[in-house]
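Data block below; observations after.
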Amino acid sequence: MTETRTVREWDPDVFHRRVLEMTAQGYAPILESYQITPEMHLASGEIIHLHQIDLEKRQGHPDEPVVAGGSAKVTHHKDA
(Lines give C-alpha, C1' and ligand atoms only; values in the text may rest on other atoms or scores of the structure.)
Protein backbone atom coordinates (compact mmCIF):
# COMPACT_ATOMS: atom_id res chain seq x y z
CA MET A 1 0.00 0.00 0.00
CA THR A 2 1.27 3.45 -0.92
CA GLU A 3 0.77 6.51 1.29
CA THR A 4 0.93 9.94 -0.38
CA ARG A 5 1.40 13.28 1.39
CA THR A 6 1.53 16.83 -0.01
CA VAL A 7 3.85 19.57 1.23
CA ARG A 8 2.69 23.16 0.48
CA GLU A 9 4.51 26.20 1.82
CA TRP A 10 4.91 29.89 0.96
CA ASP A 11 8.36 30.11 2.54
CA PRO A 12 10.92 28.18 0.44
CA ASP A 13 13.15 27.46 3.46
CA VAL A 14 10.23 25.94 5.38
CA PHE A 15 9.22 24.00 2.25
CA HIS A 16 12.67 22.45 1.83
CA ARG A 17 12.95 21.67 5.55
CA ARG A 18 9.56 19.90 5.52
CA VAL A 19 10.48 17.89 2.40
CA LEU A 20 13.75 16.81 4.04
CA GLU A 21 11.86 15.82 7.20
CA MET A 22 9.44 13.73 5.13
CA THR A 23 12.27 12.01 3.23
CA ALA A 24 13.90 11.16 6.57
CA GLN A 25 10.62 9.45 7.49
CA GLY A 26 10.80 7.27 4.36
CA TYR A 27 8.81 9.36 1.89
CA ALA A 28 10.09 9.86 -1.67
CA PRO A 29 9.32 13.03 -3.64
CA ILE A 30 7.25 12.58 -6.81
CA LEU A 31 9.27 14.89 -9.04
CA GLU A 32 6.52 15.43 -11.64
CA SER A 33 4.27 16.91 -8.95
CA TYR A 34 6.67 19.74 -8.02
CA GLN A 35 5.08 23.15 -8.65
CA ILE A 36 5.83 26.77 -7.88
CA THR A 37 2.73 28.92 -8.27
CA PRO A 38 3.01 32.73 -8.23
CA GLU A 39 0.18 34.56 -6.49
CA MET A 40 -0.39 38.14 -5.42
CA HIS A 41 -0.65 39.01 -1.72
CA LEU A 42 -4.00 40.85 -1.55
CA ALA A 43 -2.97 43.36 1.11
CA SER A 44 0.46 44.34 -0.24
CA GLY A 45 0.24 43.53 -3.95
CA GLU A 46 3.53 41.64 -3.59
CA ILE A 47 4.00 38.51 -5.73
CA ILE A 48 4.54 35.46 -3.52
CA HIS A 49 5.19 31.86 -4.55
CA LEU A 50 3.51 28.71 -3.28
CA HIS A 51 5.86 25.69 -3.37
CA GLN A 52 4.19 22.28 -3.57
CA ILE A 53 5.24 18.65 -4.01
CA ASP A 54 3.70 15.24 -3.38
CA LEU A 55 5.69 12.59 -1.54
CA GLU A 56 5.01 8.88 -1.50
CA LYS A 57 5.91 6.29 1.13
CA ARG A 58 6.68 3.06 -0.64
CA GLN A 59 8.43 -0.26 -0.28
CA GLY A 60 11.81 -0.87 -1.91
CA HIS A 61 14.10 2.17 -2.19
CA PRO A 62 12.53 4.95 -0.08
CA ASP A 63 15.60 7.19 -0.50
CA GLU A 64 15.02 7.60 -4.25
CA PRO A 65 12.44 10.05 -5.63
CA VAL A 66 9.55 8.67 -7.64
CA VAL A 67 9.66 9.57 -11.35
CA ALA A 68 7.76 8.31 -14.38
CA GLY A 69 9.52 5.32 -15.89
CA GLY A 70 11.98 4.75 -13.04
CA SER A 71 13.96 6.40 -10.27
CA ALA A 72 16.31 9.37 -10.10
CA LYS A 73 18.70 10.71 -7.50
CA VAL A 74 18.28 14.23 -6.10
CA THR A 75 21.31 16.22 -5.01
CA HIS A 76 20.72 18.96 -2.47
CA HIS A 77 22.94 22.02 -2.74
CA LYS A 78 23.37 24.41 0.17
CA ASP A 79 24.34 27.98 -0.67
CA ALA A 80 27.33 29.24 1.26
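The values are calculated or read from the model by the stated rules, or taken from the named source; none is laboratory data. Quick caveat, the model's predicted, so the values are computed rather than measured. Positions of Cβ are generated from backbone atoms using ideal geometry, with glycine treated the same way; all protein chains shown enter the neighbour counts.
Some notes on this structure:
- Any hit, segment 33-47, residues being under 26 Å from M1 (Cα atoms), aromatic (F, W, Y) and surrounded by 15 or more Cβ atoms within 10 Å (Cβ to Cβ): no
- Residue in segment 42-51 that is touching a Gly at 6+ places or on another chain (Cβ under 7 Å), modelled with pLDDT of 80 or more and of a type in the set (D, E, K, R) present: no
- Within the option set E21, E3, E64, being modelled with pLDDT of 95 or more and among the acidic types (D, E) holds for one residue only, E21.
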